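Encoded as structure tokens, the structure appears first; notes follow it.
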Amino acid sequence: MNSDIRVAIIQTDLVWENPEENRRLLEAKINTISTEVDLIVLPEMFTSGFTMNPDAVAETMEGKTIAWLKDITKAKQMAIMGSLVVSENNNFYNRMVCVEPSGTITTYDKRHTFTLAGEHNVYTAGTEKVLFNYKGWRICPLVCYDLRFPVWARNVEDYDLLIYVANWPKVRIDAWDTLLKARAIENMTYCIGVNRVGLDGNNFEYSGHSAAYDVLGNRIDTLSENEEAIQIVTLEKSAIKKYREKLNFLNDRDQFNLI
């Protein structure tokens with residue numbers, strides 16, 4: 001299948017440690033999307049903000065947020081992605097979920113926990129890179145701090161779309177901008193990053209800078225910084241094939257195994 005897909009990026013503020021209110025506000029934003037889209041992407045920890053207090057917000061995979069996502073995706077016939085705090089087997093995870101209209105759920109647990117904030121002391125790190133197929137696209141989901149580690153994202157599987165969700169603070173936003181573009185270029189893939197805006201409960205400021213890049217590193221969105229916004233971008237499957245066959249850069253990539 002060579003069909004294009006339309007992705008809605010939701011750049012939003014988050015209510016600190018309040019899943020019910022975040023679900024309400026996000027549903028209102030989702031309901032404003034009047035054009036047809038295939039996939040909606042929400043920020044990291046979209047039910048709570050980037051909290052180190054998981055006891056206050058953690059849910060199971062049978063909890064209210066997963067049920068809410070299933071209801072919306074089924075009603076609107078579009079998939080939704082984002083991360084939330086999940087409790088499982090006596091551990092807490094910063095877990096990316098992708099819920100499809102069919103009810104299929106793909107999960108990815110954040111591999112690189114953010115040691116500067118002590119995330120490694122609170123959340124269990126994931127161990128597996130995850131790829132999934134949706135509407136003919138091979139998608140690689142990653143979370144925030146993963147962006148700083150290119151080996152983990154290296155496109156050895158010929159995936160088509162790399163998606164990062166984040167709570168990336170304004171003070172280091174230049175790194176976010178630079179690395180998102182780099183991941184697109186080095187992997188010859190579409191790369192989308194969705195970051196929040198506003199202040200969190202620790203008074204860290206977030207300026208958004210959500211963005212979408214094509215396989216050559218050209219920015220294809222028009223999102224502004226510091227503002228809540230929804231941007232829909234169209235990703236062209238034919239462009240991936242065209243430039244990979246023309247330039248063949250991935251054919252020269254280094255071979256390695258993660259240990």
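Each value in this text was obtained by applying a stated rule to the coordinates, not by laboratory testing. Worth saying up front: this structure is predicted, and the values here are computed from it rather than measured. Positions of Cβ are backbone-derived with ideal geometry, glycine not excepted, and every protein chain shown enters the neighbour counts.
Once the Cα atoms of helix 19-30 and of the chain are each reduced to a long axis, what angle between those two axes, in degrees from 0 to 90 to the nearest 10, is obtained? On a 0 to 90 degree scale, this one is about 40. Ellipticity at 222 nm from helices only: DSSP H runs of n ≥ 4 in the chain, each -39500 (n - 2.57), divided by the residue count, give -6500 deg cm²/dmol. Among (i) 16.2, 49; (ii) 17.1, 51; (iii) 18.7, 60, find the value of Rg and Dmax of the Cα atoms in Å that was calculated from the structure presented, and write down its label. Checked against the structure: label (ii). The GNM of the chain, with springs linking C-alpha atoms under 10 angstrom apart, assigns the highest mean-square fluctuation among V85, V130, V57 to V130.
Report, in whole Å, the centroid distance computed from the Cα atoms of the range 86-139 and the range 38-73. First find each Cα centre; the distance between them is then 11 Å. Cross-link pairs exceeding 30 Å in C-alpha to C-alpha distance, out of K70/K241; K135/K181; K74/K181, comprise K70/K241; K74/K181. Between 0 and 90 degrees, rounded to the nearest ten: what's the tilt of helix 173-187 against the longest Cα principal axis of the chain? Rounded to the nearest ten degrees, it is 40.
At full extension, D177 and T35 could sit 48.3 nm farther apart than now, given 0.36 nm per residue minus the alpha carbon distance. Could you run the Debye sum over the Cα atoms of the range 79-210, one equal point scatterer each and no solvent, and tell me log10 of I(q)/I(0) at q = 0.15 Å⁻¹, two decimals? Log-scaled intensity ratios, in q order: -0.73.
Placing +1 on the Cβ of every Lys and Arg and -1 on the Cβ of every Asp and Glu, with nothing else charged, gives the range 5-252 a dipole about its Cα centre of roughly 680 debye. Residue separation of D158 and R6 scaled by 0.36 nm, minus their Cα-Cα distance, works out to 52.7 nm of gained length.
Between 0 and 90 degrees, the angle of helix 64-76 with respect to the longest Cα principal axis of the chain falls at about 50 degrees.
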